[in-house]
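See structure below.
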Amino acid sequence: MKEYLQDPTFLMAQRQLDNVAKAMNLDSSVHARLRYPRKSLIVSVPIRLDNGDTKVLTGYRVQHDMTLGPSKGGIRFHHHVTLGEVTALAMWMTWKCALLNLPYGGAKGGVCCYPEEMSDNEMERVARRYTTEILSIIGPEKDIPAPDMYTNEQTMAWIMDTYSNFVGYAVPGVVTGKPVSVGGTLGRIEATGRGVALTVKKALEKRYPELNAPTVAIQGFGNVGSVTAKHLYEKGMKVVAVSDVHGAIRNPAGLDIYKLFEFMKETGSVVGFEGSEKIDGMALLEERVDVLVPAAVANVITEKNADRIQAKIIAEGANGPLTTEADQILLDKGVLIIPGILANAGGVVVSYFEWVQDIQHLFWSEEQVVEKLDFLMEQAFDEVYELYQRKNVDLRTAAMMLGVGRVATAKNIRGLYP
Ligand code: GLU
C-alpha cells in the first residue's frame with residue numbers, strides 16, 4: 001500500500017525527520033505517526049482541450065498533519081508532480097507552519113501537467129475540475145490551498161469561485177493568495193521573496209558582518225526569485241547572476257534589477273539583458289558568489305555538483321533544492337544553509353494573515369502586513385540561530401527541531417485517538 005511512497009523526495013523528507021527525531025530524542029509514537037501523511041487523495045482531472053479533444057490529468061491533495069489546526073499549503077501545476085513529491089512538500093509545510101507558530105498543519109497539492117503548453121481557458125478548466133474533485137477535503141476550517149509553482153492569483157480566484165458555487169455563498173477563506181478584489185491581502189505577492197531576503201540579510205550580519213556589498217546568484221526568476229533579487233538589490237547587495245527557464249545571465253559588476261524587470265516585461269525572459277553574458281543554467285549554481293539562492297525546482301544541488309558550489313551562504317527559496325547528500329557535502333565545507341522551512345516561510349505567513357482577515361471580514365493595511373511578517377520572520381530566524389549555536393547542529397536540524405517539537409508537544413497533549 002505504501003509502495004508509492006518510495007519516491008526519492010519523500011524518502012528524503014522522511015530521512016530528515018528520522019535524523020531530527022534521533023537528535024531530539026522524539027517520542028517514538030509521535031515519530032511513527034509523523035512519518036506518513038494523514039490523508040492522501042488522488043483524483044482524475046478530465047478536461048476538454050481547446051481543440052475539442054479530452055485529456056485526463058492526475059491530481060493530488062495530501063494532508064500530512066492537522067494537529068495544530070487546518071492543513072495549509074500550495075497547489076502546483078507542473079510535469080514533475082507525483083504523489084511522493086507532493087507528500088514530501090506537505091510534510092515540509094507541517095514543519096514550516098509550526099516553526100513560524102502558525103495554527104496550521106501541512107498539506108500540498110498538484111496536478112501533473114505542462115502549464116507552459118496550456119491556454120488560459122484550459123488552465124481554468126483544470127483548476128475548476130481539480131477543485132471540484134478535492135472539494136470534500138478542503139475548506140476554511142479543514143485545509144486551505146494557496147499558490148505554488150505555475151499557479152497564481154487567478155488560479156486561486158477560480159478555486160474560490162468553484163468552491164463558493166458549490167456551497168452557495170462566497171467563501172474567501174477557502175484559499176489564500178487571491179486577488180485583493182476577492183478577499184486577498186495586500187503584501188502576499190511579495191511575501192516569500194521579502195522573507196528570503198530578510199533571512200539572507202540576517203545570516204550575513206551574524207556570520208559575515210565584514211562583507212560589504214555581498215554578491216548574490218539567484219536560480220529562478222519567478223515570484224520568489226525575482227522579488228528576492230529586488231529586495232537584496234535594495235539592501236545594497238550585488239546580484240551578479242540570475243536565471244529562468246530560458247537560461248542564465250551574469251554580470252560581475254552587478255545587474256540593475258529595476259531595468260531587468262522592465263526587460264523581462266518586454267521580452268518574457270532575463271536572457272539577452274543588456275550588459276550581461278549568457279551562461280549555462282546549471283553553471284549559475286557554481287558561480288563564485290557570497291550568497292546563492294536556489295528559487296526554482298527541487299533537487300538541483302546533488303552529490304554531483306555540491307563540491308563545486310562556491311557560495312558561503314545558501315538560502316533555499318525553493319522547497320527541497322538540496323538533496324541530503326548535497327547538504328552533508330556543503331555542511332562539511334562550512335557553507336551556512338538557511339533551510340526552506342525558514343527561508344521561504346514568508347509566503348505562508350502572509351497567507352495566514354489573509355485567512356485571518358477573511359474569517360474576520362476585517363482588512364489590514366500593507367504596512368500592518370509587512371510589519372507583522374518581518375516580526376514573525378525575525379523571531380523565527382533568531383530562535384533557529386540560537387538553537388543552532390546552543391546545540392551545535394546545522395540550521396536545518398535546528399529549524400526542524402523547533403517545528404517538529406511544537407507538533408510533538410501538541411500531539412502528546414491531545415493524545416492518540418481513540
Ligand atoms: N506554496 C507556498 C509554500 O510552499 C505557500 C503556501 C501557502 O501560502 O499556504 O510555502
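Under 29 Å from Ala90 (Cα atoms), assigned to a helix (DSSP H, G or I) and without any contact (Cβ under 8 Å) to a residue 12 or more places away in the chain - does that describe any residue in region 301-309? No: region 301-309 contains no residue that is under 29 Å from Ala90 (Cα atoms), assigned to a helix (DSSP H, G or I) and without any contact (Cβ under 8 Å) to a residue 12 or more places away in the chain. Do we have any residue at all in region 24-40 that's among the aliphatic types (A, V, I, L, M), over 25 Å from Ala399 (Cα atoms) and in contact with an Asp or Glu (Cβ under 9 Å, 6 or more places away or on another chain)? The answer is no, given that none of the residues of region 24-40 is among the aliphatic types (A, V, I, L, M), over 25 Å from Ala399 (Cα atoms) and in contact with an Asp or Glu (Cβ under 9 Å, 6 or more places away or on another chain).
Can you find even one residue in region 262-281 that is under 14 Å from Phe221 (Cα atoms) and in contact (Cβ under 8 Å) with a residue 60 or more places away in the chain? Lay out the reasoning, then the answer.
Going residue by residue through region 262-281, those that are under 14 Å from Phe221 (Cα atoms) are 262-265, 267-271, 273, 281.
If we keep only those that are in contact (Cβ under 8 Å) with a residue 60 or more places away in the chain as well, we get 281.
Yes, region 262-281 contains at least one residue that is under 14 Å from Phe221 (Cα atoms) and in contact (Cβ under 8 Å) with a residue 60 or more places away in the chain.
Yes/no matrix, rows are residues, columns are (1) assigned to a helix (DSSP H, G or I); (2) surrounded by fewer than 19 Cβ atoms within 10 Å (Cβ to Cβ); (3) out of contact with any strand residue (DSSP E or B) (no Cβ under 7 Å at 6 or more places or on another chain):
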position: Asp327; (1), (2), (3): yes, no, no
position: Leu330; (1), (2), (3): yes, no, no
position: Ile337; (1), (2), (3): no, no, no
position: Val348; (1), (2), (3): yes, no, no
position: Trp364; (1), (2), (3): no, yes, yes
position: Leu373; (1), (2), (3): yes, no, yes
position: Glu378; (1), (2), (3): yes, yes, yes
position: Phe381; (1), (2), (3): yes, no, yes
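Taking region 189-289 and the strands (runs of 3 or more DSSP E) fully enclosed by it, the elements with 3 or more residues that are β-branched (Val, Ile, Thr), modelled with pLDDT of 95 or more and closer than 20 Å to Leu336 by Cα are at 215-219.
Here are Arg396, Arg390, Arg414, Arg406: which of them is under 29 Å from Lys304 (Cβ atoms), away from the ligand (no atom under 15 Å from the Cβ), basic (Lys, Arg) and modelled with pLDDT of 95 or more?
Numbers: Arg390 fails: under 29 Å from Lys304 (Cβ atoms); Arg414 fails: under 29 Å from Lys304 (Cβ atoms); Arg406 fails: under 29 Å from Lys304 (Cβ atoms).
Every option except Arg396 fails the conditions.
For region 1-52, name all the residues that are of a type in the set (Gly, Ala, Ser) and without any contact (Cβ under 8 Å) to a residue 12 or more places away in the chain.
Of all residues in region 1-52, those of a type in the set (Gly, Ala, Ser) come to 13, 21, 23, 28-29, 32, 40, 44, 52.
Matches in region 1-52: Ser28, Ala32, Gly52.
Being surrounded by fewer than 19 Cβ atoms within 10 Å (Cβ to Cβ), on the phi < 0 side of the Ramachandran plot and not hydroxyl-bearing (Ser, Thr, Tyr) is a property that His64 lacks. Total residues in region 162-181 satisfying the condition of being more than 16 Å from the ligand (Cβ to nearest atom), in contact with a helix residue (DSSP H, G or I) (Cβ under 8 Å, 6 or more places away or on another chain) and not in a loop (DSSP other than H, G, I, E, B): the figure is 3.
What do you reckon, is Ser119 out of contact with any strand residue (DSSP E or B) (no Cβ under 9 Å at 6 or more places or on another chain), hydroxyl-bearing (Ser, Thr, Tyr) and modelled with pLDDT of 95 or more?
Values: out of contact with any strand residue (DSSP E or B) (no Cβ under 9 Å at 6 or more places or on another chain): yes; hydroxyl-bearing (Ser, Thr, Tyr): yes; modelled with pLDDT of 95 or more: yes.
So Ser119 passes the test.
Please work out which residue is nearest to Ala399 (Cα to Cα), limiting yourself to region 340-378 and to residues that are among the charged types (D, E, K, R) and away from the ligand (no atom under 16 Å from the Cβ).
Kept after step one, since they are among the charged types (D, E, K, R), are these residues of region 340-378: 354, 358, 366-367, 371-372, 374, 378.
With away from the ligand (no atom under 16 Å from the Cβ) added as a condition, the list becomes 366-367, 371, 374, 378.
On the way: Glu366: 28, Glu367: 28, Glu371: 22, Asp374: 17, Glu378: 13 Å.
Filtering first and then ranking leaves Glu378.
Please verify whether Ile314 is within 17 Å of the chain's Cα centre (by Cα), part of a strand (DSSP E or B) and surrounded by 24 or more Cβ atoms within 10 Å (Cβ to Cβ), treating the condition exactly as stated.
Values: within 17 Å of the chain's Cα centre (by Cα): yes; part of a strand (DSSP E or B): yes; surrounded by 24 or more Cβ atoms within 10 Å (Cβ to Cβ): yes.
In short, yes.
The values are calculated or read from the model by the stated rules, or taken from the named source; none is laboratory data. All values reported here derive from a predicted model rather than from experimental measurement. As a convention, Cβ positions derive from the backbone with ideal geometry for all residues, glycine included, and neighbour counts pool all protein chains shown.
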